[in-house]
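First the structure, in the form of structure tokens, and then the observations on it.
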Amino acid sequence: MPPFAPDYRVDTLPDLYLDPTQVEHCRQLAAKVFQGVYDFIAHHSTVSIERTVLRLFGIAGAGARGVPLCNLMVDRMREHHGLDQGAAYWYGRALHAGKRSPSEIIDSLPALIATGPLGPDQERAIRTEVRREANAAAGELVERVRRRDERRERLGSGAPPLKYLIVATGNIHDDVEQARAAAQAGADVIAVIRSTAQSLLDYVPHGATTEGYGGTYATQENFRIMRDALDEESERLGRYLRLTNYSSGLCMPEIAFAAAAERLDMLLNDAMYGILFRDINMKRTLCDQYFSRRICAFAGIVINTGEDNYITTADAYEAAHTVIASQFINEAFAKAAGMQDWQLGFGHAYELDPARPDTLSLELSQALLVRRLFPNAPIKYMPPTKHKQTDIFFSHAYDTLADLTAAMTHQGIQLLGMMTEALHTPLLMDRFEALKTADYVHRAARHFAEDFTLKRDGLTVRRAHQVLREAEALLTETATDGLFAAIGKARFGDVARLPDGGKGLDGVFERGPTYFNPFLEILERD
């Protein structure tokens with residue numbers, strides 16, 4: 001049973017009178033956009049993908065000065081020009097040579113790479129043994145996921161929209177206490193914000209951390225600590241609590257593996273966010289996104305995408321179509337990586353300037369459009385942030401309209417707004433007030449929209465048709481010119497990036513003719 005019910009009662013909502021042929025054309029264009037990028041992905045790998053392969057084999061821990069062992073191994077392979085064959089191949093060669101400990105494997109790599117290929121029988125034997133070990137590791141991952149799913153199904157959880165709250169103390173142990181308090185006040189999803197700029201680190205810190213800035217480092221140990229605490233709280237409260245973190249930046253697939261291993265439910269996972277807002281090289285992060293989403297598909301993790309960010313850098317009214325176009329593209333990329341509708345938490349937000357007339361009708365139009373275009377996806381709805389003021393009473397009213405829109409359009413996941421958004425990191429009482437108000441609105445308006453029929457020539461319907469037309473035009477341009485070119489023209493978020501610019505390009509390499517990745521073979525099985 002999927003973690004989100006596939007029926008979001010879309011047919012009970014007001015009709016926008018969309019043309020199904022136009023909607024299908026948008027999907028065809030998005031598939032063409034993906035194919036243009038996949039031609040690159042299919043022939044390349046990255047250092048972060050290869051490190052993830054080693055993590056899947058159980059290479060954990062850190063060496064001198066806290067450098068992760070998988071980084072040391074991949075760096076040694078690259079230094080001696082062997083990485084194009086894949087980390088799994090040299091891992092197997094080291095095992096075949098009798099090396100067992102990480103330090104022995106690292107020390108043996110230069111000589112193994114210099115030796116070159118072995119005889120055909122030995123090469124086949126090595127790959128057979130490595131595949132056997134990879135299948136065993138995948139089986140262990142399946143068992144961890146099964147334990148998570150069993151608890152969720154046994155305890156049950158809240159009805160959509162699930163109330164999503166953030167903790168961000170920098171100290172994982174303090175995060176746990178804030179997460180428990182949020183759960184006790186009614187939160188359904190706990191999101192642990194990453195430490196500022198972790199997305200720019202080309203390694204995953206090791207162990208529990210207590211000194212993050214603006215958030216807490218995403219590490220496998222931190223994931224374990226929070227998951228165990230929420231499992232304990234879930235049993236005490238009698239309802240399952242979901243956990244999410246961030247799989248973006250230079251270590252997308254490694255964090256996806258850590259999340260799968262430690263039984264997380266959701267991950268923010270979107271290459272476009274890293275490209276546009278963290279200046280991560282697009283070639284690097286699109287390769288990483290594909291492998292990370294393969295892991296998410298395998299582990300039953302719901303992804304959250306970052307389209308809501310486009311309308312914080314661009315005007316929300318003028319750029320509404322870029323959100324829709326990107327959601328179609330994200331759907332194509334995700335489904336090509338094996339993900340299902342119930343795993344696609346597309347991001348959008350209540351971000352129109354509150355001084356604009358008719359914002360409620362316009363926001364309702366956008367939210368209803370997203371809901372109808374992706375009827376079986378959970379959808380993640382973000383609260384206002386861009387136009388928040390230090391007037392906490394106005395901010396609370398602003399957030400309440402976002403609550404109402406989410407309830408009326410049957411969003412799956414709702415991040416709750418904080419009345420002190422423009423002042424400080426929210427206090428426990430701020431979260432309590434947000435939860436109390438959301439509970440009230442969701443209860444009061446759960447079936448409200450089902451009694452309405454929209455006028456075909458009314459503002460809400462006309463706006464939805466305008467946005468979809470503009471999204472179709474943008475998809476047509478992107479499918480023709482390619483995603484790299486569209487990003488270069490600042491078509492998304494009013495931010496331009498170049499294919500060979502940004503951080504991490506030096507970590508991309510072309511796969512050699514004998515490239516070997518048994519986990520990719522497993523993850524790509526039908």
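The values are calculated or read from the model by the stated rules, or taken from the named source; none is laboratory data. Remember, predicted model here, so these are calculated numbers, not experimental data. FYI the Cβ positions are ideal-geometry reconstructions off the backbone, even for glycines, and counts take in every protein chain you see. The accessibility values were calculated without ligands, DNA or RNA, using every heavy atom of the protein model including side chains. Shrake-Rupley method; radii C 1.70, N 1.55, O 1.52, S 1.80 Å.
Miscellaneous remarks
- For the range 388-488, the square roots of the Cα gyration tensor eigenvalues, ordered a ≥ b ≥ c, give a/c of at least 1.5 with a/b no greater than b/c, which places it in the oblate category.
- Rolling a 1.4 Å probe over the protein heavy atoms leaves Glu150 with an accessible area of roughly 80 Å².
- Nearest-20 debye value, the chain charge dipole, Cβ charges on Lys, Arg, Asp, Glu: 720 debye
- Taken about its Cα centre, the range 1-80 carries a charge dipole of roughly 600 debye when the Cβ of each Lys and Arg holds +1 and the Cβ of each Asp and Glu holds -1.
- Accessible area ranking (1.4 Å probe, heavy atoms, ligands and nucleic acids excluded), largest first, for Asp84, Asp308: Asp84, Asp308.
- When the Cα positions of Thr216, Ala496, Ala444 are compared along the charge dipole of the chain, Thr216 comes out farthest toward the positive end, with charges on each C-beta of Lys, Arg, Asp and Glu.
- The overall shape of the range 111-219, judged from the alpha-carbon gyration tensor, is oblate: a/c is not under 1.5, and a/b is no greater than b/c.
- The range 74-151 versus the range 311-389: alpha-carbon centroid distance in Å: 42 Å
- Simple point charges give the picture: +1 on the Cβ of Lys and Arg, -1 on the Cβ of Asp and Glu, and for the range 239-342 a dipole about the Cα centre of about 420 debye.
- Based on C-alpha pairs under 8 angstrom that are at least 6 apart in sequence, the chain has a relative contact order of 21 percent.
- Accessible area in the full protein assembly, largest first, 1.4 Å probe, for Phe328, Phe298, Phe452: Phe452, Phe298, Phe328
- The range 427-490-the range 207-225 distance, computed between alpha-carbon centres (Å): 33 Å
- Straight-distance candidates among the lysines for linking to Lys163, with alpha-carbon spacing under 30 Å and chain neighbours fewer than 8 residues away dropped: Lys335, Lys380, Lys386, Lys388, Lys436.
- Karplus-derived HN-Hα couplings along the range 304-321 (A = 6.51, B = -1.76, C = 1.60, θ = phi - 60°), whole Hz, x at Gly and Pro: 10, 9, x, 4, 4, 5, 4, 9, 9, 9, 10, 5, 5, 6, 6, 9, 4, 5
- Protein heavy-atom surface of the chain, 1.4 angstrom probe: 52% of the accessible area is carbon and sulfur, with nucleic acids and ligands not counted.
- Applying the criteria of a DSSP loop state and at most 16 other Cβ atoms within 10 Å to the trypsin sites (Lys or Arg not before Pro) of the range 209-266 yields Arg239.
- Computed [θ] at 222 nm, deg cm²/dmol, the chain (DSSP H ≥ 4; -39,500 (n - 2.57); rounded to nearest 500): -17000 deg cm²/dmol
- Spin-label model distance (nm) - Asp202 vs Ala485, 7 Å beyond Cα toward Cβ: 3.0 nm
- Percent antiparallel among DSSP beta bridges (both partners in the chain, rounded to 5): 15 percent
- Tensor-based shape of the range 305-461 (alpha-carbon gyration tensor, a/c under 1.5 rounded, otherwise prolate or oblate): rounded
- Spin-label model distance (nm) - Tyr17 vs Glu177, 7 Å beyond Cα toward Cβ: 5.8 nm
- Helix 252-261 axis versus longest C-alpha principal axis of the chain: approximately 90°, rounded to the nearest ten.
- Heavy-atom surface of the range 99-256, accessible at 1.4 Å and reported per residue (Å²): 42 Å²
- Geometric extent, Cα atoms of the range 1-99 - Rg, Dmax (angstrom): 22.7, 66
- Listed residues Glu221, Glu153 arranged by accessible area, highest first, probe 1.4 Å: Glu153, Glu221
- Remark: spin-label model distance Asn135-Ala159 equals 4.5 nm, labels positioned 7 Å along the Cα→Cβ axis.
- Full-stretch length increase - Glu521, Thr476 - with 0.36 nm per residue and alpha-carbon distance subtracted: 12.9 nm
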